[in-house]
Amino acid sequence: MPSAPDERPTPESFLAEARGEEGGGVGRLKIFLGASPGVGKTFAMIEEARVRQRAGLDVVVALVETHGRTETAALLETLEQLPRRPVAYRGQMLSELDLDALLARKPAIALIDELAHSNAPGSRHPKRWQDVVEVLDAGIDVVTTLNIQHVESLNDVVARITGVRVQETVPDHILQRADEIELIDLPPEELIKRLKDGKVYVSQQIGQALENFFGKGKLTALRELALRTAASRVDAEMLAWMQANAVKGPWPAEERLLVCINEAPVARSLVRAGKRMAERSRLPWIVVTVTTPRHEAMPAETRAVTVEALRLAETLGAETVVLRAECDVAGEVLRYARQRNVSRIVIGRPRSHRSWWQRLAGAFREPVADRLLDDATDFEITVVTPHSRIERRKASSAPVMRFAWQGYAMAFSAIAVATLLALPISIWDAVPGGAISALYLIAVLMVGARWGLGPSLAAGALGSVAYNFFYTPPFYSLHISRSEDVVSIAIYLLGALFTGTLAGRLKAQVEAMRAAQRRTETLYDFARKIASATQTDDVLWAAAFHIAATLDCHSLILMPDAGGTLQQVQGHPTIEDLDARAEGAVRWAFEKNEPAGAGTATLPMSEWLFVPLATAGATLGVIGVRFRDRQRGLDPETRRLLIAVEDQVAVAVERTRLAQELANARVSAEGEKLRGALLNSVSHDLRTPLVTVIGAVSSLAETDGTLSPADRRELTATALDEARRLDRYVQNLLDMTRLGHGALAPKRAAVDLREILGVVRNDLKRVLTRHSLAIETPRDLPALLVDPVLIGQAIANVVENAAKYAPAGSAIRITAKRDGAMAAIAVIDEGPGIPEDERERVFDLFHRVADGDLRPAGTGLGLSIVKGLVEAHDGTVAAMAGPDGRGTAIVIRLPFAPSSSDDPE
């Protein structure tokens, strides 16, 4: 029977507890740790001391450096401070910690600032941390401060970050001895602000500090070191507690692992090895591959090795990254490693079982593993050697180069042409013999630039044979009789080898640049299309077309309908039927917000790959792609492009939806505004004249002849006036409705303005009882081409509005004059006027000006009706200040009726 796992506390935990009990007379050490000066360590230490003092503990300030800061000195006034010990040094008097006085005083807690300080020569201990150890051994608790750059084990790291080698350091065992470490953290921006405000150094040192130590990048790096140190302390405490309490579980570490892979057969083995290392050390790990121009020319089977390794890494929990480089693969890896603060790099051992072709092709490429071993001096490098049989088996099955017979046929043709062209050169004695080899090199260069490395090397080999056979004695033989010919052919072969290699690399780079340019152009075109699209359907169509054209695949976009069922809304080249596996992948991608289908761990047998179309808020739909070349479709670059397009589409769809929702919200808000205004109008402005009419008619009906004829006439006139007022309100509502629906058709005719104004004066006789109305129109004013009823109503609305706001006894004037081909009709009052920022809005529906108007407002329809009626006659209306800036002038411009007698001015 297997034994149960041992869940008892470890012996080490019992020993540590026993040492703690035996050392009961040893003081406790608390360190306030900061990333740099100025973060507030001393302030926090003093505040800690004051809290403990209020709790009744005996606290003494043994030594605290205020650095001239008055606020720090003020905090110390309530605490007992020991006098410092004066020390003479090189003609100066220095003040140091009086260790003997502190030991004689023997408080419960002592504050000792700047743990890494170096004591003046002649002191008992050269370092202050040694003083602290003696104080602790005396049974006195110590609270102190320390900056991260003074930790001994981090001295080299700090020097690399800041460029300054710190001389005053504290051994790591002092930090390990500390019973408590409290991190005092402050963002770099706030720390720089404190420095500029003079709260860290005196003004003379601020500029130098900003240029050197207090740069934002350096402060950020030091802050990370401080956070990591504090985290290590927390991890150690957690481990001790877990061991003492027999608690199982992992604990985090601080390093980061980088696994480098390529198309080599050992890529998957490297990923597995990296996973084991990361698991054992509890490291976050990254798997990285670098693509170069030659990567584009590799066969799909070779690229699939990297794709499968990256997919395996994602499955095992790694972060996968694809980098791009022209040729310096090792430099790109090291740059990225430094950027991500990687501490360990894992690489594969260079392959020993390689064919002659692989050795020849690799002779002119950079040795990546060797470069990493030589240049990565600040990293820990781990070289993984796979099982030799596995390597040989995989290497034998992995093709190295795609055979393109057209390129080799072109190489043979180019050498044949060069041989024919060299014939007249060989006869012409004035031309040196080197011209023939140059001719063959030109052929090699042309073949390499067009067909790549393999055909160019074949052309070089064929050229050397043709050169030897046709143009070196003995002619028409491969035998070489002269030593100089051997040298010439050897030099030619070397030149052809270099020329072919460079030409092949140039071709690969050009093809990569063209591919990148095509991707950039298509992405730009896609971004431009979706930026200009205002409807969701337009965005989705542009997305489906762009994905299909860019990735050489079939594309689908599915969105949920009102019932939540996913429906195909767009597709290119067409919407297609999905099988059961694809349907399952679609639902998984939408519900789980994760990719599913081909190339993923979920339903990988499906022909379709589905990625969620999601924003930070919700999943909007699913994008599906089916690649014609499945291996190509699984390429990391292709998947990265798909994810980039998906992000753009999601943002564009969200933008159009938000725009639609905003438009709907505006319409709803306007509707609510209109509804409220209409209810207010019905409940107040329409009800008021109705109540008056009912009251007057009721009085007439209930008097039984007791009213005098004069009272009866007055009540009848009142009821009639209020009924007419009510009729105008109702007519305004009807006119506004007709204007809104475009159903108002003016019956325009040539009409004299004076006739319209006369009707207005008569209709508003009772409204104008408290005002005088003056009409000033020239007799030679031409007739207007208007509907007299509608324009009369518009002018009446303006005049009634003026009477409503103008004070009693004031005059209202109506003036008219010619303004080009229009008549300018102004209604001027002496009221409080309309604020300038309100003059455009007074013509909005239900808008009423409150400033300057203490009277109850009307419906807010009057001037809105005026604008609609005037614009229906091709006229304009505007509000402006009256003469001398007093009152309001509403100016209406209406067209004249055409007349042969008109004399245009």
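The values are calculated or read from the model by the stated rules, or taken from the named source; none is laboratory data. Just so it is clear, the structure is predicted and the values come from calculations on it, not from any experiment. Cβ coordinates were reconstructed from backbone atoms using ideal geometry, including for glycine residues, and neighbour counts include every protein chain displayed. Surface accessibility is based on the protein's heavy atoms, side chains included, excluding ligands, DNA and RNA. Shrake-Rupley method; radii C 1.70, N 1.55, O 1.52, S 1.80 Å.
A few comments on the model shown:
- Candidates ALA857, ALA811 - the one that is out of contact with any helix residue (DSSP H, G or I) (no Cβ under 7 Å at 6 or more places or on another chain) and modelled with pLDDT of 85 or more: ALA811
- Filter pass, ALA803 being at pLDDT 85 or above and either more than 56 Å from the chain's Cα centre (by Cα) or open to solvent by 40 Å² or more (accessible area, probe 1.4 Å) (or both): yes
- Selection within the range 304-330 - open to solvent by 20 Å² or more (accessible area, probe 1.4 Å) and not in a loop (DSSP other than H, G, I, E, B): VAL305, GLU308, ARG311, LEU312, GLU314, THR315, GLU319, THR320, VAL321, VAL322, ARG324, VAL329
- For the range 167-200, a residue qualifies if it is over 14 Å from LEU115 (Cα atoms) and part of a loop (DSSP other than H, G, I, E, B), and the qualifying residues are ASP179, ASP185, LEU186, PRO187, ASP197, GLY198, LYS199, VAL200.
- The range 596-612, subset on the phi > 0 side of the Ramachandran plot and not in a strand (DSSP E or B), residue modelled with the highest pLDDT: LEU603
- Among (1) among the aliphatic types (A, V, I, L, M); (2) more than 23 Å from LEU662 (Cα to Cα); (3) modelled with pLDDT of 85 or more; (4) in contact with a strand residue (DSSP E or B) (Cβ under 7 Å, 6 or more places away or on another chain), the one test that ILE575 misses: (3)
- Candidate set: the range 278-301, residues that are modelled with pLDDT under 75 and in a helix (DSSP H, G or I); chosen: the one most open to solvent (accessible area, probe 1.4 Å): GLU301
- In the range 312-331, the residues that are of a type in the set (S, T, N, Q) form Cβ pairs under 9 Å with partners that are part of a helix (DSSP H, G or I) and open to solvent by 50 Å² or more (accessible area, probe 1.4 Å), at six or more places apart or across chains, as follows: THR320/ARG311; THR320/GLU314.
- Scanning the range 578-611 for residues that are touching a strand residue (DSSP E or B) at 6+ places or on another chain (Cβ under 9 Å) and either small (Gly, Ala, Ser) or open to solvent by less than 40 Å² (accessible area, probe 1.4 Å) (or both) yields a total of 17.
- Residues in the range 517-549 that are open to solvent by less than 40 Å² (accessible area, probe 1.4 Å) and either of a type outside the set (A, V, I, L, M) or within 18 Å of ARG324 (Cβ to Cβ) (or both): ARG519, PHE526, THR536, HIS546.
- Failed criterion for ALA549 (all others in (1) farther than 17 Å from GLY621 by Cβ; (2) not in a helix (DSSP H, G or I) hold): (2)
- Number of the condition not met by LEU239 [criteria: (1) at pLDDT 75 or above; (2) over 31 Å from the mean Cα position of the chain (by Cα)]: (1)
- Considering (1) open to solvent by less than 20 Å² (accessible area, probe 1.4 Å); (2) modelled with pLDDT of 80 or more; (3) not aromatic (Phe, Trp, Tyr); (4) not in a loop (DSSP other than H, G, I, E, B), the lone condition that ARG893 does not fulfil carries the number (1).
- Residue check for ILE480: modelled with pLDDT under 75 and either surrounded by 13 or more Cβ atoms within 10 Å (Cβ to Cβ) or more than 27 Å from ILE643 (Cα to Cα) (or both): yes
- Residue count for the range 1-60, restricted to those that are among the small types (Gly, Ala, Ser) and at pLDDT below 55: 8
- Some residue of the range 826-836 being open to solvent by less than 20 Å² (accessible area, probe 1.4 Å), of a type in the set (Val, Ile, Thr), under 22 Å from PRO746 (Cα atoms) and within 60 Å of the chain's Cα centre (by Cα): no
Yes/no per residue for (1) among the hydrophobic types (A, V, I, L, M, F, W, C); (2) under 30 Å from GLU594 (Cβ atoms); (3) modelled with pLDDT under 65; (4) open to solvent by 90 Å² or more (accessible area, probe 1.4 Å):
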position	(1), (2), (3), (4)
VAL649	yes, yes, no, no
GLU654	no, yes, no, no
GLU661	no, yes, no, yes
GLU670	no, no, no, yes
LEU674	yes, no, yes, no
HIS684	no, no, yes, no
ARG687	no, no, no, yes
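- The range 149-162, residues that are in contact (Cβ under 8 Å) with a residue 40 or more places away in the chain and open to solvent by 60 Å² or more (accessible area, probe 1.4 Å): ARG160
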